[in-house]
Amino acid sequence: MTEHLPALQTALPLLAAPVCVLLRRAALVRVFAVLVTWSCLAIALSLLQEVLGHGEISYALGGWVAPLGIEYRVDILNAYVLVLVATIASVVIAFPLAGRELRIPKERFFLFYALFLLCLAGLLGITITGDLFNIFVFLEISSLSAYALIGLGRDRRALTAGFSYLVMGTIGGTFILIGIGLVYQMTGTLNIVDLSQRLPPVLGTRTVWMAFAFLVVGTSIKLAAFPLHQWLPNAYTYGPSVVASFLSATATKVAYYVLVRLLFTVFGFAFVFERVQLSALLLPLSLIAMVVGSLAAIYQTNIKRLLAYSSIAQIGYMTLGLSLANLDGLTGGLVHLFNHGLIKGGLFLVVACALSRVESPRIESLRGLGKRMPWTMAAFVVGGLGLIGIPGTVGFVSKWYLVLGALDQGLYFVAFMVLASSLLAVVYVWRVIEVMYFSDEERAPERDDAPLSMLLPTWVLIGATIYFGLDTELTAGVAEQAAAYLLGGAS
Amino acid sequence: MSQEKPSVSGGQADGAAMRRGLRLLGLICAVLFVADFFVEKHGHHAWENLPGAYGFFGLLACGVLALVASLLRKFVERDEDYYD
Amino acid sequence: MIEAIPPGMILILGALILPFLGGALQRVWLVLLPVLGFVQLTLLPEGLAQSFEFFGYGLNPVRVDSLSLVFAYVFYLAAFLSVVYALHLRDTVQWVSGLVYAGSAIGALFAGDLISLFVYWEITALASLFQIWARRTEAAYRAGLRYLVIQVSSGVLLLAGTILHFADTGSLEFGALGLVSVGTTLIFLAFGIKAAFPLLHGWLEDAYPEATVTGAVFLSAFTTKLAIYALARGFAGTEILVPIGAVMAAFATFYALIENDLRRLLAYSLISQLGFMVVGIGVGSEMALNGTAAHAFASVLYKGLLFMAMGAVLYRTGTTRSSELGGLYGSMPWTALLCLVGSASIAALPLFSGFISKSMILTAAAENHYSLTYTVLLAASAGAVLHSGIRISYDTFFGPDRGIRCDEAPRNMRFAMGGAALLCFALGVAPNLLYELLPYPVNYQPYTFSHVADQLQLIAFSVAAAVLLVRLGLYPKARSARNLDIDWLYRSLLPGLVQFAGRQLARLKSAIESRALMGLQSAVRYVQGHHAPTGVLGDPWSIGATALWAALLLVAYLLMAYL
């Protein structure tokens, strides 16, 4: 049984999705989906434990051995990402759906759960597979279900947002497909490990260069790396908050994983950072993302869009870590993948809690909520501190490594920018806190907090941002191992 | 010998007590100065081994300190509510 | 078992329980906490180290050695005396913040790495702030803000220095650092701010006199001595500290001589005493470091005692202005007597604590051929006789009667002062009590004929000099005034400059229709225009833009092939 865990990791949610449609009854479907997702988490955790204990796992799907068959390959890097995705999914799926945020009536909630499980299957599949084309397939599964999930938002603009996400995502998907095609043309293989051996002889060719460009730009769109981020703000703003929570914490993170995998495993450190000099382009773009994203967040009037722009800035941190291309930098990028997933997932759940009591996600409508919903708003404050990067929160851990990585390269300016952009985060977080806690209204509002069923999942994620800010064994420890593994033999 | 003061001035300083206190202070200074001739010195600097060196140094230092402080006052003294 | 709790944590955690207790129980708990902490301290095995993994680096929040222990003992004594002194209050905020402040200062003493040190460093800054704000006056509020900014800056410097130091050496350990790199220099400055180095000392004379009656007692004990400890740990033997310390000892003496507010006078006197310790650290020999630790120990007690006495005066009369006080001996005999013990100690009268500690530093300086520094310190000692020995006691209790009649200090205050006075006397009579705690073996005998004779002479002739100077009209008389110090830069000059700049800009604007300002405005508008929801960078609707950017990036990557 245990040797089939890699296959179960994706097969379970994939097969469970149609079952949801058959079950139909909302309460039943919810319990079923929660059980399936939690099983996925259990599988992901046992895979991580297995990898940490016994090294890489290779699983030949259907018994067809690579490179002919499809190989599922679990190493420390993707085991780590699997745990993140499954954790966030397990928390989000337990969060009660609020009818007022969805356009479908309660009888059709099973559609949400089916889509959610499909999306989860896609994300887990991308992460676990060792086959380039398989990555594309799962990417499309997750993206298509994500477009639909966004479209479930009650606001009519959700449809437009979902549609432009669809178009832009398809552009990205197409780019990736073209890149895969070109690589296949040059090497005749799609297996990643196989590729890493067959590519080096042909690395100098224009075709491979072309493939590299297409693949990097394609994944950058999925990752919402500046300036290809334009699908993200509206998708997160008009989609339901739970969906935003899930996607912000997983979809872009998985895309980041794909980028890391492509750069370090497929193309290799020497080609990417010495031949192509990727950092020359990626580093400035990351810095711009950090500043522009934070500046834009400052000017937003809608809290969901504020968080969305903050995500763009935070993705800038992750790509910055990547482009530093040293141990500390890459560790910073990878650990921020996990940490930002926790923070942003938690914060969007806070918004979901708030929207169970107020009508509009406009920041103005949160006025005075600090007294009315103390637990919810306290969660926002803690999450906000994480975004800023106060010591004791996960945000500090990430920035610590990024600063170390930048100093290691002698890039004092970059280290300074990481710290300076935290100040911008102070501004946009403070704007919200100010509205929440410092209302000039005289009457003390009735205390009317979100139900425990909502607060509990929210505080699980927010609490984790503190826990992992103090105990960095699992996150930074594993991220550092993964980074060392990726850089192994390179530097 | 800051402890001299209470014994002589009591609750409030009155003239006679003050004079007695000052006479006592003078006496103590004189005794200490004379005694200093009979104490074996092992100072680190030559001047420290002169009889009465520390007493003289005390007088001199206090004089200089008071003068410099008065000078400093000319530059830095402002009204009490200067910052208000 | 008990050593599993980091030292200081008993105070911090215990303080957090305090608000939930009521009545007598609250007071019992308050007094019990420092006692419990002290007991724990005596049980700590030397050489104990606790470490845990953080970020994958081993942090070492508890490291017990003799240097930490000697400071910790006196910190607990000070915490105990301070809470007894504050027992009459009905102000939980001050109790809690005072205990957290003391606890974090003690915790910092045992921090084995720079990150732990930083955390405690910042907690002391924040907690101590409430000792000032609790005065609940406008002036205290503003002084508190200035204090906070400077204290937090010290923490920021410490953190920045730590990061650079770590980048240089890969080590977070808090051991001997030395002025060897940019990182350690920043750490040095961070310590220097809290140790009130010249030009960095403005916060001390600015904020301490604005603190509450009890707050000044707390403040006088911990922040600066923590900095002295940190300097002794990280920068022992750093030559530059010798001149720094000498300048501190000297300039603060001048200011103390002309100060009218007696609590501000004590603040300057405190800086002067810190100067002795800084010199000791700079000299760096075993005797000098012993002297520094001993003098820190002694000065926490006698300086605390003097602040307590002046606090009692402030509490009963509402003022500590020398020009308004005098003749209080009749009203507050106990306070007067105990204050004299403090004065005798700071004047280093034989049989009192200053005598057995200060001379160790002086001897070490002389032995290591810092003759000029030795002379300066000796003069500062004579100055201490003037300002903290005579001035404080005489002006308050024995000088010309200004007709103030008041009650004696409350009982708890008298107990606290009595305890401190007893300790000052005990250390003076039995110096070995202290010498045995010092980090290095002590090879020093304070009670020699020559030392006693010299010191008695110095004091007696200084007193005589004071009398003479007063008679000659040369002694700076107490009068109502505010003396400018370095804090003038940011309290007066800086706001003035800003106002001046504002006026100039306004004139510029009206004069030339302010092209420059319009440029600035358009820059702000530019940022806003691009980032607000209606701007290019804030507007997410454009599919075309994404396609265009994707194409551009693709081209960029392809072009890199040919570059």
Length gained when the stretch C:ARG402-C:ILE486 is fully extended (0.36 nm per residue, less Cα-Cα span): 27.0 nm
Read phi for every residue in region C:17-30 and hand back ³J(HN,Hα) as whole Hz from Karplus 6.51 cos²θ - 1.76 cosθ + 1.60, θ = phi - 60°, with x for Gly and Pro. 7, 3, x, 8, 8, x, x, 5, 4, 4, 5, 4, 4, 4
Given the protein chains as shown and a 1.4 Å probe, how many square angstrom of C:GLU324 are accessible, to the nearest 10? 80 Å²
Peptide-level mean, for A:227-235, of C-beta atoms on other protein chains within 10 Å: 5
On a C-alpha basis, how far is the centre of region A:160-222 from the centre of region C:314-331 in Å? Whole number, if you could? 84 Å
Translational D (Stokes-Einstein, µm²/s) of region A:277-491 at 20 °C and 1.002 mPa s when Rh comes from the Kirkwood sum over C-alpha pairs? 122 µm²/s
For region C:286-436, what log10 I(q)/I(0) values come out of the Debye formula at q = 0.09, 0.11, 0.21 1/Å, with one point per alpha carbon and no solvent? -0.31, -0.44, -1.19
Test item: C:385-392 mean partner chain Cβ contacts at 10 Å: 3
The alpha-carbon center of region A:95-138 and that of region A:407-438 are separated, in whole Å, by 33 Å
Defining a contact as two alpha carbons under 8 Å apart and six or more residues distant in sequence, what relative contact order in percent does region A:279-371 show? 27 percent
How much accessible surface does A:HIS4 have with a 1.4 Å probe, in Å² rounded to 10? 80 Å²
How high is the relative contact order of chain C, in percent, with contacts defined as C-alpha pairs under 8 Å that are six or more residues apart? 13 percent
Give the separation of the Cα centroids, region A:226-244 to region A:361-400, in Å. 20 Å
Rounded to the nearest 10 Å², the accessible area of A:TRP38 at probe 1.4 Å: 130 Å²
Only helical DSSP H runs with n ≥ 4 go in: add -39500 (n - 2.57) per run for the protein assembly as shown, normalise by residue count and round the 222 nm mean residue ellipticity to 500 deg cm²/dmol. -23000 deg cm²/dmol
Nearest-0.05 FRET efficiency for C:LYS477 and B:VAL31, computed from C-beta distance (R0 22 Å): 0.10
Compute, for region A:277-491, the length of the dipole vector about the Cα centre, with Cβ point charges of +1 (Lys, Arg) and -1 (Asp, Glu) only. Units Debye, rounded to 20. 400 debye
Lysines with Cα under 16 Å of C:LYS477, excluding same-chain neighbours fewer than 8 positions away: B:LYS74
Just to be sure I understand: if you take the accessible area of chain C alone plus chain A alone and subtract the pair, with a 1.4 Å probe, what total do you get in Å², rounded to 100? 4000 Å²
Report the accessible surface area buried between chains C and B, summing both sides, using a 1.4 Å probe on protein heavy atoms only, in Å² rounded to the nearest 100. 5200 Å²
For helix A:452-470, what angle does its Cα long axis make with the longest principal axis of chain A, in degrees from 0 to 90 and rounded to 10? 50 degrees
Set A:LYS371/C:LYS194; A:LYS222/A:LYS304; A:LYS222/A:LYS344; A:LYS253/A:LYS399 screened for pairs whose C-alpha atoms are more than 27 Å apart: A:LYS371/C:LYS194
Principal axis dimensions, region C:374-439 - Cα atoms, whole angstrom, descending: 49, 35, 16
If you put +1 on each Lys and Arg Cβ and -1 on each Asp and Glu Cβ, how big is the dipole of chain C around its Cα centre, in Debye rounded to 20? 1780 debye
Measuring from the longest principal axis of the C-alpha atoms of chain C, the long axis of helix C:114-133 (C-alpha) lies at a number of degrees, nearest 10, equal to 70 degrees
Out of A:ALA146, A:HIS340, A:GLY69, whose Cα points farthest toward the positive end of the dipole of chain A (charges: +1 Lys, Arg; -1 Asp, Glu; placed on Cβ)? A:ALA146
Which ³J(HN,Hα) values, rounded to whole Hz and listed in residue order, are derived for region A:403-410 from phi using the Karplus coefficients 6.51, -1.76 and 1.60 in 6.51 cos²θ - 1.76 cosθ + 1.60 with θ = phi - 60°, glycine and proline given as x? 5, 4, x, 5, 5, 4, 7, x
Per residue Cα convex hull volume for region A:1-89, in cubic angstrom? 97 Å³
Mean Cα-pair separation over length for chain A, i.e. relative contact order, pairs under 8 Å, 6 or more apart, %: 14 percent
Note down the magnitude of the dipole of region C:236-479 about its Cα centre, charges +1 on Lys and Arg C-beta and -1 on Asp and Glu C-beta and zero elsewhere, to the nearest 20 debye. 760 debye
In whole percent, and with a 1.4 Å probe on the protein chains, what portion of the accessible area of the protein assembly as shown is carbon and sulfur? 67 percent
With every protein chain in place, the residues of region A:286-312 shedding 50 Å² or more of accessible area versus the chain by itself (probe 1.4 Å) are A:TYR299
Heavy-atom surface of the protein assembly as shown, accessible at 1.4 Å and reported per residue (Å²): 36 Å²
In degrees between 0 and 90, to the nearest 10, how far off the longest principal axis of chain A does helix A:374-388 point, with axes built from Cα atoms? 40 degrees
Cα-Cα separations in chain C greater than 42 Å, expressed as whole percent: 27 percent
With a 1.4 Å probe and all protein chains in place, put C:TYR370, C:TYR120 in order of accessible area, largest first. C:TYR370, C:TYR120
Quick one: what are the phi-derived ³J(HN,Hα) couplings along region C:239-248, Karplus 6.51/-1.76/1.60 with θ = phi - 60°, whole Hz, x for glycine and proline? 3, 4, 5, 5, x, 4, x, 4, 5, 4
Could you list which residues have their amide H under 5 Å from that of A:ALA450, counting only those 5 or more apart in sequence or on another chain, with H placed in the peptide plane? A:THR376
Please give the average number of partner chain Cβ atoms lying within 10 Å of the Cβ of each residue in C:322-331, rounded to a whole number. 2
Please work out the Cα convex hull volume for region C:189-343 and give it in Å³ per residue. 94 Å³
What residues qualify as long-range amide H neighbours of A:ASN302, i.e. H under 5 Å apart, gap of 5 or more or another chain, H built at 1.01 Å from N? A:ILE363
Evaluate Rg over Rh across the protein assembly as shown, taking Cα atoms for both radii and Kirkwood's formula for Rh. 1.07
Taking the dipole of the protein assembly as shown about the Cα centre (Lys, Arg +1; Asp, Glu -1; charges at Cβ), the one of A:VAL460, A:ALA211, C:ALA252 that reaches farthest to the positive side is A:VAL460
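The values are calculated or read from the model by the stated rules, or taken from the named source; none is laboratory data. Being a predicted model, the structure only gives us computed values, none of them experimental. Every residue, glycine as well, gets a Cβ built from its backbone with ideal geometry; the counts of neighbours run over all protein chains shown. Surface areas here come from the heavy atoms of the whole protein model, side chains and all, with no ligands, DNA or RNA. Shrake-Rupley method; radii C 1.70, N 1.55, O 1.52, S 1.80 Å.
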